[in-house]
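All remarks here apply to the structure that follows.
The values are calculated or read from the model by the stated rules, or taken from the named source; none is laboratory data. Everything quoted here is computed from the prediction, not taken from an experiment. Using ideal geometry, Cβ is built from the backbone for each residue, glycine included, and neighbour counts are taken over all protein chains shown. Ligands, DNA and RNA are excluded from the accessible area calculation, which covers all protein heavy atoms including side chains. Shrake-Rupley method; radii C 1.70, N 1.55, O 1.52, S 1.80 Å.
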Amino acid sequence: MLRKSHFNIRKFIYDTFDKDAAKVVFEREGIWDCTTCSACLKKCPKGVDTTGIVMGLRSLMVEDGRIPPPIRDALKSIAIHKNPWKISAEERSKWAEGLGVKNISEGADILYYVGCTPAYDARLQKVARAIVEILNRAGVDFGILGNEEGCCGSEIRRMGDVWTFEYLAEENIEIFKKYNVKKIVTTSPHCYNTFKNEYKGANFEVQHYTELVASLIEEGRLSFTHQIDKTVTYHDPCFLGKQNGIFDPPRKVLTSIPGIKLVEMDRARERSLCCEGGGGRMWVESEDSEDRLAKIRVGEAMDVGAQILATSCPFCLLTLEDVVKTGDLEESIKVMDIAELVKEAL
Amino acid sequence: METAEIRIGVYICHCGINIASTVDVDRVRDSISQLPNVIVSRDFKYMCSDPGQELVRRDIKEKGLNRIVVASCSPRMHEPTFRMTIQQAGLNPYCLEMANIREQCSWVHEDREYATAKAVKLVSAAVAKVSLLEPLEEKEVEVRPEALVIGGGIAGIQASLDIADAGFKVYLVEREPSIGGHMAQLDKTFPTLDCSACILTPRMVEVERHPNIELLSYSEVIDVSGYIGNFHVKVRKKPRYIAMDKCTGCGMCAEACRMKGKIISEFDVGMGKRSVPYIPFPYAVPSKYTIDPENCLFITKGKCGKSPACKDACSSDAIDFEQKEEIVELDVGTIVVATGFDLFDAREKPEYGYGLYDNVLSGLEFERLVSSSGPTQGKIVIDDKEPRDVVFVQCVGSRDKSVGNEYCSRVCCMYTAKQAHLIHEKLPDAKLTVFYIDIRAFGKGYEEFYDRVREEGVRYIRGNVSEIIKKGDRLLVMAEDTLLGEPVDIEADLVVLATGIVPRKDVKEVGNLLKISRSPDGFFLESHPKMRPVDTATDGIYLAGCAQGPKDIPDTVAQAKGAASSAMTKMARGKVKVEVTTASVDTFVCRGCGRCVEVCEYGAPNLEEVEPGIFVSQINDSICKGCGACSVVCPSGAISMKHFKNEQILSQIAAVI
Amino acid sequence: MNSEAIVKETRAYHCLECGVCTSSCPVARVRPSFSPRLLVEKALFGFGDEIVRDRDLWSCLVCGRCTSRCPSNVDYLNFIKEMRIEASKLGEKGLFSHDGILNTIMELQSLSLRQKRTSWITDDLEVADEGEWFYFVGCLPYFDLVFGEGGYCDVGLKPTERARNTVRILNKMGIKPVVSNDERCCGHDLLWNGDLEGFRRLAELNLKTIEKSGAKKVICLCPEGYVTLKRDYPSYLGEQDIEVVQLYQLLADKLKEGKLNFVENGSDNPVKVTFHDPCSLGRIAEIYEEPREILSGIPGIELVEMERNRADALCCGTSGWVNCSSCSKQIQTERLKEAEATGADILLVACPKCGIHLSCAKYNSDIKIEIKDITDLIVEKMA
Amino acid sequence: MSEEFEPNIVGFACNWCSYAGADLAGTSRMKYPPNIRIIRVMCSGRVSPSFVLKAFQMGADGVLITGCHPGDCHYIAGNLKCEKTMETTRKLIDVLGIGEERLRLEWVSASEGSKFADVVTDFTNHIRGLGPILGKSQG
């Protein structure tokens, strides 16, 4: 991010040593530019919690009411609708209408936690529906929370509103307890990460859907009938790859689909480049869209000859597809979620 | 155990007025005289003076005393004095107990009443303990005038030569076919730019020729037992499949081999190729060939053409596929551990693209590339092209918690400077950039060398590299210039990673073998970081070189000489005193549970099978240091700590309360 | 009591010198110099002084095998106890295991210290301060710190789990027992190590505590606690107005009444278990069948008996935390091997101490059999 | 002696660091309360839990163990072994009702005479504040 914005994490760290942290963050530019991808944290030789510092400083801003309007709106929406997309909580499970998905209150082995974006965004709803179809095919006993599902709080925490995050976390844990949830599968790596690493006192197992699908394939519970003769490359989402070390299951899923030729970009796995969708960045527009990392990333995918750029994160899907659309690249490359590819091949 | 009646003499010292001004010595003397078994209780102005000591000696003789209590200063001060005193009068020196009524009473308290009361308690405790003390015999063990040196790198070579020069027999065990270690792989050495081979080879040859050194190359230590002076060592000599006495080192076998040029050369760190019969490098010692059993067609498949090509080619009939491994048993008095280090594997830092891009090299790979004996005969070429832009990255695998190595490897700053200089020398037009966090040029002539390299135009940028990616057929190196606070991207044709020093991957097994412990960084632990830097906690085992921690060549040589000197000191005297106050096992009580074995840092207790299925712990008192940890964990009460037995300490507790 | 009086008291003069005692003695089998017969004979010939100074006086396991087989009914157990009381007066003692901490723990409990012994009680357990039933927990809270996870001599056990199990079982039977923080060590080991005064102090404190709770029935899991409260308290402190019940007696009754039920097990392959009779529960309290009745009521369990069972059972090898030695280890190893030889997967124990001693012998050995307390099994299978 | 409760404190000091530290307090003429009586052991790892329990049983009001700082142990890790044992011992005396704060383990090096004096002063005052174990003055 340093390469395109004023954001320099090292300066923020230095300043916090001897100045009043709040003042620093008010004076310096760029605190909202961090995508919390944690590339710096993972590489820091002294193990400094850089991402934590960003979140901490942002929380000072939030406390002081100095929030960029779009972020303020997103935070407000979460408080009212329990999602950052300003749509009523009553409409949360609309995407599932007609699919016959059972509600978790009827009891199920697994809770499929859809997440805000897949629940409301028209593009991502397709992914959610694809996941439902895959799980049904494999005969997985699962249920959803329906309109009772609320935001996981991952992004809100990264936007600095730690108070609302804690409130959301407590509320969600209560709901999970109520339905005796033992295992959760998420669409988004962001929900996955926060459930796994940031929910204190939680007592459930959590999986990203690519992990579950990979194990279903391995157990022989999913089989493919359609061939997809395409060259595919895979973009590792930061919150799944770098931050949680899940590199192989998505690749295993892709390579099990007949016809797919998987090629790797130069920056793959731990080396993956962030798409800029994390850390609340979905709600702030980058100043100069010329240098968007997503654009670089799509370029890298095309360089290795990929016809499909596959990913497994709602934010990655949106940011990357946006580049393809605005750049008129739809003829040469297509951005798809792994779930969509699996569904197609079933 | 003595069964005779206990007759105690108690002597209370005034220490001039040091004790007497705060403690009422008369009262102490009188109270103590009432205690059971106390035959005499006296006070004296200076107990440590000649008349004071004489008083004790006379009483021992005249009154038949057999236990003595001296209440004076700290036992850390005068215990040796009074032990000698009573020994002169014919008593066992361990029949003495001191009460510290100066440092821990008169000097730290002001109230005379309290101080006197406390002194009475302290002396009573000493009386209580002394009546339960048992005479102990001091023991000496012989030290064999032979040493084992494990590892034939520069540390092992130096230690072996020093010990051998002093006239002692040395067994030098090296796992590889040749001695020389990592130093043999280096090109030039900083800061003086001596050619590494030029200064090392003569030492290697000296080892081979030395009448007191027996070199066991291509061999591994597999078992060590015993203790200082009397270690028993088993060494496995791996089969070379080539008779050492017949091989002339001519190399015809390697020439003839069907796998010639197909095997990756370990010495060239994967950058060159070799045959199955090989000599690691041209100036190897011993200069004998070895057949690599893992890649030999005849050994792995049982067939190599009609007959093995090497066998046909050898004119001295040295090839012998019938060779078997051999176990050699040695008895030595001391051991020097010089097992060296491994290079950090840069694949653990995937952001640098090592292992992914051919033009990202480790520090050692670059050494081979630049060496005239290396795969390119010293030409710096990548894909047949000379690099125009070269980037050096410091601290790869050192000072890095994310890979678990918090320490500084101590050599990378300087070897990077040297490598930059070597490129500059060969490719004066190349643009050289070094990314660093701090430059540590602490040795003699190091800072000057660093300055010289910078004067040569090498650009030093403060900030470490975050990522290396491909850009066309070149590399893009990304970092922040932390002095300017700005991002910096540099395109390069070659990146050299200053890969650090890490403990050898088998360091744990070797540690267990020798029963020596490791510090948190994983290297072998010295007895004291400052005062005993070459000793280990196990008497008779000494450390040299990078096995103990990262070091450059001068420090390695210095430490090797230190280790040699420590070993020689013990061997020169020929005898060594062992701890008297050791733990001992009542073998009848012992349940053989092994908790003492688990808790002991020195490997003194050992479970021995006395009858089938019945184990009993035996403590080797030549190894035991007397800490007493085993007696605390012993569930059955079978272990007692001489001079600090349970009942002795309990009697003290009862007396002080 | 002098040696002559002891001989009289314990009917030692009836000794036929037949040697059944010595040949029944597990210690004598591994340590030929130890002979119950010779000890008695020494007393008969007036060498009592020698006995009280003899280190072997403390090697007897008071397991009762000799007493139960003696054709002349010599009360060997009391003979040893009285001899030890005499020896204690002279300052003699056995070699304490674990540096004597267990003994000191017992002795310290006779002071008026405010213990914190009930912290093992978890929220799911129902206990009371007053009521009809008093659950006498015994040393378990202390054993937890010595033999539990991270303890001085960690043998992979969770002793207080036995206490929780007991309360769980009692709760299931509709009993909300009194558990008191003022409970003390029952005094068994002090008594059998010759400290009669220490035993009396503890017994008085315990009786007072039980009385205060209003309980008329005392339930014990620990067999040693059971025999001490049931037999020794009345004999040293007079008849008490309380009924002492061993948990397995109660459960066997409940099973017959249909009040103790177990979950049905769907699996066809029953788990093979074998059962180690504790000396105090078996030979001394003569409770042999009750635990077996309970086991036979548990579906999916097949009880296979060891060669030596019931009155013939071998001791777990140590008593009173003294003279635990290579002999003990040999006895324990023999017992464990005997258990393995039955082909059972699990060796069930009914006494916390047996559990500790046998687990200790298993430590660092090649013995594989799992050691489990019966209460673990009951709680697991209880419907 | 005064009417005030004067606790009995038993100290165990390891020979190499803490006992030397205590000696240094003496040679530097530092002052601390006389209630502590030190028993010298070669290593803090020699201190058996039974010593602590016996001390309390015999009437000690507090037990202070001092050993080398972690990493400085003359016997490599005896002090850490002691730390582990004493952690359990502390729990044990708490269950027994003696109170865990009556047992303290401190690291004192050979150069820390003043720390030794401070530790002893602090511990003595602390125990004095707690009063006798059995609640009535024995003093």
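Report, ordered by chain and residue number, the lysines lying within cross-link reach of residue B:237, taken as a straight Cα distance under 26 Å and ignoring same-chain residues fewer than 8 apart. Leaving aside lysines fewer than 8 places away in the same chain, those within reach of residue B:237 are B:169, B:246, B:260, B:273, B:288, B:301, B:303, B:311, B:324, B:505, B:508, B:515.
Among the protein heavy atoms, those of residue A:326 account for about 100 Å² of accessible surface (1.4 Å probe, every chain in place).
Sequence-distant contacts, meaning Cα pairs under 8 Å at least 6 residues apart, place the relative contact order of chain B at 13 percent. Computed 3J(HN,Hα) for region C:149-155, one whole-Hz value per residue from the Karplus formula 6.51 cos²θ - 1.76 cosθ + 1.60 where θ = phi - 60°, is 4, x, x, 4, 10, 4, 10, glycine and proline marked x.
Helix B:154-165 and the longest principal axis of the C-alpha atoms of chain B enclose an angle of approximately 60°.
Calculate how many DSSP beta bridges within the protein assembly as shown are antiparallel, expressed in % of all such bridges and rounded to the nearest 5.
Working: 59 of 166 bridges.
Of those bridges, close to 35 percent are antiparallel.
Near residue A:324, within a Cβ-to-Cβ distance under 11 Å, what is the net charge of the other residues, with Lys and Arg +1 and Asp and Glu -1? Don't jump to the answer; show the numbers that get you there.
Working: positive: A:295, A:297, A:325, A:334; negative: A:321, A:322, A:328, A:330, A:331.
Neighbour charge sum, excluding residue A:324 itself: -1.
For region B:412-437, list residues with backbone N below 16 Å from a point placed 7 Å from the Cα of residue B:474 toward its Cβ? Backbone N within reach: B:429-434.
The gain in end-to-end length when the residue B:210 to residue B:301 segment is fully stretched comes to 28.7 nm, 0.36 nm per residue minus the alpha carbon separation.
Once you reduce region A:109-178 and region D:107-122 to the center of their Cα atoms, the two points are 58 Å from each other.
Please work out the FRET efficiency for the pair residue B:383 and residue A:326, using the Cβ-Cβ distance as r and a Förster radius of 56 Å; give the result to the nearest 0.05. Before the final figure, lay out each step's value.
Working: r = 39 Å, r/R0 = 0.69.
Approximately 0.90, to the nearest 0.05.
Annotation for region B:491-521: trypsin sites (Lys or Arg not before Pro) lying in DSSP loop with at most 10 further Cβ atoms inside 10 Å of their Cβ are B:505. Projecting the Cα atoms of B:354, C:160, A:146 onto the charge dipole of the protein assembly as shown (Cβ charges, centred on the Cα centre) puts C:160 farthest toward the positive pole. Computed from Cα positions, the angle between helix C:196-213 and the longest principal axis of chain C comes to roughly 30 degrees.
For chain B, the longest principal axis of the alpha carbon atoms and the long axis of helix B:112-132 meet at an angle near 80°. Each other residue within a Cβ distance under 14 Å of residue C:182 adds +1 if Lys or Arg and -1 if Asp or Glu, for a net charge of +2. Cβ-Cβ distance of residue C:212 and residue C:243, R₀ of 30 Å, FRET efficiency by 1/(1 + (r/R0)^6): the value works out to about 0.95. For region A:246-256, 3J(HN,Hα) computed residue by residue from phi via the Karplus equation (6.51, -1.76, 1.60; θ = phi - 60°) reads 9, 10, 7, x, x, 5, 4, 4, 4, 6, 7 Hz, glycine and proline entered as x.
Mind scanning B:188/B:349; B:401/B:551; B:379/B:431; B:561/D:81 and naming the pairs with a C-alpha gap bigger than 23 Å? Present the calculation step by step, with values, prior to reporting the outcome.
Working: B:188/B:349 27 Å; B:401/B:551 20 Å; B:379/B:431 17 Å; B:561/D:81 35 Å.
Pairs exceeding the cut-off: B:188/B:349; B:561/D:81.
Pairs from the table (A:23/B:470; C:208/C:353; A:200/B:470; C:8/C:89; C:8/C:208; C:254/C:368) lying more than 31 angstrom apart at Cα are A:23/B:470; A:200/B:470; C:8/C:208; C:254/C:368. Karplus-derived 3J(HN,Hα) values for region B:360-375, using 6.51 cos²θ - 1.76 cosθ + 1.60 with θ = phi - 60°, are 10, 10, 7, x, 6, 4, 5, 4, 5, 5, 8, 7, 5, 8, x, x Hz; glycine and proline are entered as x.
Please compute the alpha carbon radius of gyration of the protein assembly as shown, then divide it by the globular-protein estimate 2.2 N^0.38 Å. Two decimals is fine.
Numbers: Rg = 39.3 Å, N = 1525, 2.2 N^0.38 = 35.7 Å.
The protein assembly as shown yields a ratio of 1.10.
Counting only residues at least eight positions apart within a chain, or on another chain, the aspartates and glutamates with an alpha carbon under 12 Å from that of residue B:234 are B:220, B:223, B:326, B:329, B:331. Here's the list of lysines a cross-link from residue D:115 could span, going by alpha-carbon distance under 16 Å and ignoring same-chain residues fewer than 8 apart: D:31. Rounded, prolate or oblate for chain D? Axes are the square roots of the Cα gyration tensor eigenvalues, ordered a ≥ b ≥ c, and the cut-off for rounded is a/c under 1.5. Since a/c reaches 1.5 but b/c is at least a/b, the shape of chain D is classed as oblate. Using C-alpha pairs under 8 Å with a sequence gap of at least 6, the mean separation divided by the residue count of region C:3-89 gives a relative contact order of 40 percent.
Within the set C:176/D:91; C:93/D:54; A:230/A:252; C:81/D:54; A:86/A:183; A:86/A:242, which residue pairs have Cα atoms separated by over 22 Å? Before the final figure, lay out each step's value.
On the way: C:176/D:91 28 Å; C:93/D:54 16 Å; A:230/A:252 16 Å; C:81/D:54 25 Å; A:86/A:183 29 Å; A:86/A:242 30 Å.
As for pairs spanning more than 22 Å Cα to Cα, those are C:176/D:91; C:81/D:54; A:86/A:183; A:86/A:242.
Determine the shape class of region C:257-381: with a ≥ b ≥ c the square roots of the Cα gyration tensor eigenvalues, call it rounded for a/c under 1.5, and otherwise prolate if a/b is greater than b/c, oblate otherwise. Prolate, because a/c is 1.5 or more and a/b exceeds b/c.
Local charge for residue C:325 was computed over the other residues whose Cβ lies under 10 Å away, with Lys and Arg +1 and Asp and Glu -1, and equals +2. Across chain C, C-alpha contacts under 8 Å between residues 6 or more apart give a mean separation that, scaled by the residue count, equals a relative contact order of 17 percent.
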